[in-house]
Amino acid sequence: MIMREVQKLGELNIQQKIGQLMIFGFDGKEINNEIKTLIQEFHVGGIILFSRNIGTPKEVHQLTRDLQQVAKEAGHERPLLICIDQENGAVRRLDEGFTTFPGSMLLGATGNAKNAYTVGQMTGRELRSVGINWNLAPVVDVNTNPNNPVIGVRSFGEDPKHVSTFGIQSMKGMQDEGIITSLKHFPGHGDTHVDSHLDIPQVHHELEHLEKVEFIPFKQGINAGADTVLISHVHFPAIEPRENVPATLSKNVVTRLLRNKLGFEGVVTTDCMEMKAISDHVGTPQAGVEALCAGIDLIMVSHTHSVQHETLKTVYQAVETGKLTEETIQTAYDRVISLKDNYLSWDDITFEGDLSPSFDSESHKRRAMNIYKQGVTVVKNEDVLPVSEKDKVLVIYPEEQQNMLVEDQQHGLTLGKMIKQFNDHITIKTVANEINETDIEEIVDEANMYDAVIIGTLNVKKQDYQVRLIEKLVERHSKVIVISLRNPYDYIYLPKDIRAYISTYEYTKPALQTAIEAIFGKINVSGKLPVTLS
């Protein structure tokens, strides 16, 4: 962590202090007038970037520099917090010109926490080189629910100690590059079956279970020097007895548990307050007030300008009417300022000169690929692998589908295109996300003309077409290789007489390349499942 001397604080008015407690997003790869006005007139102190804001490294650097320029000219005493969800793997915003790094579950599958530190450090270096100073990572949720629609492979695994070790190393790698980090999603989003983008998930475990599982990575991460903690929009009845009150709005969670019991003294931020778990129940602006009352320091409103403006207005009115005290605002403000003073300085931001990225892209790619080889997992191989380059191979995979709302699309990445680089004797068949029994029979009949069948799976559910297709293929073909292109839990729903099964944990080019090279015997992979498939 980079510590700095605390600067003497000039006095801001209450409206400007409220602005410093906001993290807002906007559309486009250039500053628009809406976000510019919020920074200038309302002293908004934090920005969140998404894929919609991201171009080449040079373009991202230009954007962050322009944002900081607006803040400096508007009289901000400290630079803006500029954050992003660069978890790597399934959830990543940086693309062209940046390195694709392994995500959490693939790192967990390597069994070596030094890899988490290395990836954290390289990620931090790339972020810092383009002016992003805060990564909303690592995810330290313990994924104990195979049907979890929003965490899954974003977790390091199902064991609390394993998640703690890898999460801390990831955090320290980024901190050592001067990047602010966030442990998320407190108190734990790993055993939910509802996406908080869509509604309020519930976790019904008793407090004793939560203390043995969900809380452990957060407690250990806090003890290891966590910068910020991001609160989930999940309801925990064992902690918050009021019905459908998510952790974000619960003083029992934020103040009594996180602050008082676990001893966290740093900055606490919300997840996006436009998620339906908040917007469809309390409403984003009013929830901003309730979150601050609960002990939150930063309110994140990622998308809609009118909602951002209304949130500022509603919080200010709450102070005027006494629902929110100025002391509450000041306490949150002091924490945010302390965080900025620890990491940020105008002296570190240049507004002139070269915008070229200052990281060794080729070195990062080589080191990342080495880790991919340690993480991609051959779950099962009964004398099927490797496949010969001379074999006639049928490659089957589903149309691309987005698994989570937080996830980005994969830019046209396909399994077939990747395999064509290794074998000229292949036929590619893309299947729709729902096919009937006649279609399945036609595919199985065609498969009999090939020496081997490689089939990719995406988000298998009980009794869906992928299950039926693979059952028929395995019945009639001796050499079927299944690749789970994202979720290792696909295996649970597939026939147990599959003879070859590989998990990539993520639908990224390096992960697929690693799996394909292993299938054709070019490399050995050594990953071990960090979750139970039963």
- [ ] Please state which of the following conditions residue 5 fails to meet, knowing it meets all the rest: (1) modelled with pLDDT of 95 or more; (2) in a loop (DSSP other than H, G, I, E, B); (3) of a type in the set (Asp, Glu).
- [x] (1)
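Could you grab me the full set of residues in the stretch 345-397 that are under 22 Å from residue 129 (Cβ atoms), assigned to a loop (DSSP other than H, G, I, E, B) and not acidic (Asp, Glu)? Please lay out each step first, then the result.
First, pick out the residues of the stretch 345-397 that are under 22 Å from residue 129 (Cβ atoms): 345-371.
If we keep only those that are assigned to a loop (DSSP other than H, G, I, E, B) too, we end up with 345, 349-360.
If the condition is that a residue be under 22 Å from residue 129 (Cβ atoms), assigned to a loop (DSSP other than H, G, I, E, B) and not acidic (Asp, Glu), then 345, 349, 350, 351, 353, 355, 356, 357, 358, 359 are the ones that fit.
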Task: Unique residue being within 26 Å of residue 503 (Cα to Cα) and modelled with pLDDT of 95 or more when the list is 167, 188, 178 - done: 167
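Going residue by residue through the stretch 447-460, is there one that turns out to be assigned to a helix (DSSP H, G or I) and crowded, with 20+ Cβ neighbours inside 10 Å? Give the derivation first.
Residues of the stretch 447-460 assigned to a helix (DSSP H, G or I): 447.
Those left that are additionally crowded, with 20+ Cβ neighbours inside 10 Å: 447.
Yes, that holds for at least one residue.
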Open item on the list: Would you confirm whether or not the stretch 152-172 contains a residue that is out of contact with any Phe, Trp or Tyr (no Cβ under 9 Å at 6 or more places or on another chain) and small (Gly, Ala, Ser)?
Closed with: yes
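Among the residues that make up the stretch 42-50, is at least one of them part of a helix (DSSP H, G or I), in contact with a helix residue (DSSP H, G or I) (Cβ under 6 Å, 6 or more places away or on another chain), closer than 24 Å to residue 284 by Cβ and hydrophobic (A, V, I, L, M, F, W, C)?
Initial filter on the stretch 42-50 (part of a helix (DSSP H, G or I)): 42.
Within this subset, residues satisfying the condition of being in contact with a helix residue (DSSP H, G or I) (Cβ under 6 Å, 6 or more places away or on another chain) are 42.
Now restrict to residues that are closer than 24 Å to residue 284 by Cβ: 42.
Checking the rest, the ones that are also hydrophobic (A, V, I, L, M, F, W, C) come to 42.
Yes - at least one qualifying residue is present in the stretch 42-50.
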Open item on the list: Just to be sure I understand the filter: pairs with C-beta atoms under 6 Å, separated by 6 or more residues or on different chains, first member in the stretch 236-265 and under 17 Å from residue 206 (Cβ atoms), second member among the polar types (S, T, N, Q) and surrounded by 24 or more Cβ atoms within 10 Å (Cβ to Cβ). Which pairs pass?
Closed with: 240/250; 247/232
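Of all residues being on the phi > 0 side of the Ramachandran plot and of a type in the set (Gly, Ala, Ser) in the stretch 63-99, which is surrounded by the fewest Cβ atoms within 10 Å (Cβ to Cβ)? Just the residue, please.
Initial filter on the stretch 63-99 (on the phi > 0 side of the Ramachandran plot): 75, 88-89, 97.
Then keep just the ones that are of a type in the set (Gly, Ala, Ser); that gives 75, 89, 97.
Working: 75: 11, 89: 26, 97: 16.
It comes out as 75.
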Task: Residues of the stretch 322-342 classified as part of a helix (DSSP H, G or I), farther than 23 Å from residue 133 by Cα and not polar (S, T, N, Q), total - done: 3
Task: Residues within the stretch 423-445 that are in contact with a Ser or Thr (Cβ under 8 Å, 6 or more places away or on another chain) and either of a type in the set (Asp, Glu) or over 25 Å from residue 389 (Cα atoms) (or both), tallied - done: 0
TODO: Hey, could you check the stretch 514-534 for residues that are outside any loop (DSSP other than H, G, I, E, B) and either among the basic types (Lys, Arg) or out of contact with any helix residue (DSSP H, G or I) (no Cβ under 6 Å at 6 or more places or on another chain) (or both) and say which is nearest to residue 394 (Cα to Cα)?
DONE: 519
Task: First in the stretch 351-363 and outside the structural domain of residue 131 (by TED's automatic domain parsing), second anywhere and assigned to a loop (DSSP other than H, G, I, E, B) and polar (S, T, N, Q), Cβ under 9 Å, 6 or more apart - done: 357/56; 359/99; 361/99
- [ ] Search the stretch 483-503 for residues being touching a Pro at 6+ places or on another chain (Cβ under 9 Å) and part of a loop (DSSP other than H, G, I, E, B), and hand back the single one that is nearest to residue 416 (Cα to Cα).
- [x] 485
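The values are calculated or read from the model by the stated rules, or taken from the named source; none is laboratory data. For clarity, every value in this text was computed on a predicted model and none was experimentally measured. Neighbour counts run over all protein chains shown; Cβ positions are idealised from the backbone, glycine included.
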